[in-house]
Amino acid sequence: RKRCIRISTGSKQLDAALNGGFQTMSLNEVYGEFRCGKTQLAHTMAVIAQLPKEMGGAEGKVAYIDTEGTFRPERIMEIAERFGVDPDQACENIAYARAQNTEMQAELLDGLAASFATNEYRLLIIDSVMSLYRTDYVGRGELSERQQVLGQFLRRATQMAEEFNLVVLMAHTSPNDSTNQVMSDPGASALFAGVDGRKPAGGHILAHASTTRLLLRKGRGEERVAKIVDSPDCPEREATYIITTGGIND
Ligand code: GTP
Ligand code: MG
């Protein structure tokens, strides 16, 4: 039987709020306005996932699906130095792929099954999970089709999280963020509301007990604030963190 592992975020406060970090066998959503640290959290966890368990890691490899071209190996190397691991080794343990459209995004996910079957992987990052669906399915006329394909993608990701004992970390910009050009996006919020299984939306019931949603926002100065939303095993609470050269920290 597979054992659930928690992967640290790099911030002790945030880890504490998450009861130790993000859990394997679950889909986790990290959302919030631009520059609040979604991509930095993804980079940080891509290194931490490789670390020994006593350091908050899962001794695993990482798959990284990048839809916005914001992955930076240099950042991985800087974060690796913070944790005292070999920077080149840290990069080698990350299977990176850039998705250009939603079809590719889904194909990349399917294609990872063979790698995941080796049981060496513990973290799958999708940054951002929504952006290509927004550009491939423009306007309200295509909303139901978009929800359908996105629903398929999320079901597959859920399945893989469970089958391969992975933390799936999905970043996306808040659909209702007024500082972003993206208009209020009822399709996205409706679908994501269904991911935690308690608020089925659009006919999709993605029942999954461990799903955690983290809403990030900017705080004072360098400070950032993470709010845990709709988690089955954590009360709704906030934690602060900062972004450093070594990644997410307290
Ligand atoms: P979008 O993808 O645009 O929605 O934003 P995001 O939430 O992914 O933001 P991201 O994780 O890219 O965070 C950007 C912030 O991280 C900026 O405020 C940068 O100043 C900060 N940042 C990035 N790299 C470094 C670094 O090497 N050192 C420090 N101290 N901060 C950094
Ligand atoms: Mg980003």
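Tell me which residues, restricted to segment 1-27, are polar (S, T, N, Q) and under 11 Å from L123 (Cα atoms). Give the derivation first.
Our first condition is that a residue be polar (S, T, N, Q); within segment 1-27, this holds for 8-9, 11, 13, 19, 23-24, 26.
Within segment 1-27, Q23, T24, S26 meet the criteria.
Looking at segment 49-84, which of the residues that are in contact with a helix residue (DSSP H, G or I) (Cβ under 8 Å, 6 or more places away or on another chain) and without any contact (Cβ under 8 Å) to a residue 24 or more places away in the chain is farthest from ligand 2 (Cβ to nearest atom)?
M77
Residues to consider are E68, E92, E74; find the one that is more than 16 Å from ligand 1 (Cβ to nearest atom), at pLDDT 95 or above and surrounded by fewer than 16 Cβ atoms within 10 Å (Cβ to Cβ).
Working: E68 fails: more than 16 Å from ligand 1 (Cβ to nearest atom); E74 fails: more than 16 Å from ligand 1 (Cβ to nearest atom).
Answer to the check: E92.
Taking segment 85-97 on its own, how many of its residues are touching a residue at least 40 places away in the same chain (Cβ under 8 Å) and aromatic (F, W, Y)?
Result for segment 85-97: 0.
Out of E103, E74, E78, E92, I need the residue that is closer than 19 Å to M170 by Cβ and out of contact with any His (no Cβ under 8 Å at 6 or more places or on another chain). Which one?
Numbers: E74 fails: closer than 19 Å to M170 by Cβ; E78 fails: closer than 19 Å to M170 by Cβ; E92 fails: closer than 19 Å to M170 by Cβ.
Sole residue among the options that is closer than 19 Å to M170 by Cβ and out of contact with any His (no Cβ under 8 Å at 6 or more places or on another chain): E103.
List the residue pairs whose Cβ atoms are under 9 Å apart, where the first residue sits in segment 29-44 and is more than 27 Å from V85 (Cα to Cα) and in contact (Cβ under 8 Å) with a residue 40 or more places away in the chain, the second is near ligand 2 (Cβ under 10 Å from one of its atoms) and β-branched (V, I, T), and the two are 6 or more positions apart or on different chains.
Within 9 Å, the pairs are Y31/T173; G32/T173; E33/T173; F34/T173.
Among the numbered criteria (1) among the small types (G, A, S); (2) over 18 Å from I228 (Cβ atoms); (3) away from ligand 2 (no atom under 16 Å from the Cβ); (4) within 14 Å of the chain's Cα centre (by Cα), which one does A46 miss?
(3)
Suppose we keep only residues that are under 17 Å from A157 (Cβ atoms) and more than 8 Å from ligand 1 (Cβ to nearest atom) within segment 31-45. Which one would you say is surrounded by the fewest Cβ atoms within 10 Å (Cβ to Cβ)?
Y31
Of S115, S8, which residue is buried (at least 21 other Cβ atoms within 10 Å of the Cβ), hydroxyl-bearing (S, T, Y) and away from ligand 1 (no atom under 15 Å from the Cβ)? Steps first, answer last, please.
On the way: S115 fails: buried (at least 21 other Cβ atoms within 10 Å of the Cβ).
None of the other options fit; the residue is S8.
The values are calculated or read from the model by the stated rules, or taken from the named source; none is laboratory data. Only a predicted model underlies this, so the values are computations on that prediction, with no experimental measurement involved. Positions of Cβ are generated from backbone atoms using ideal geometry, with glycine treated the same way; all protein chains shown enter the neighbour counts.
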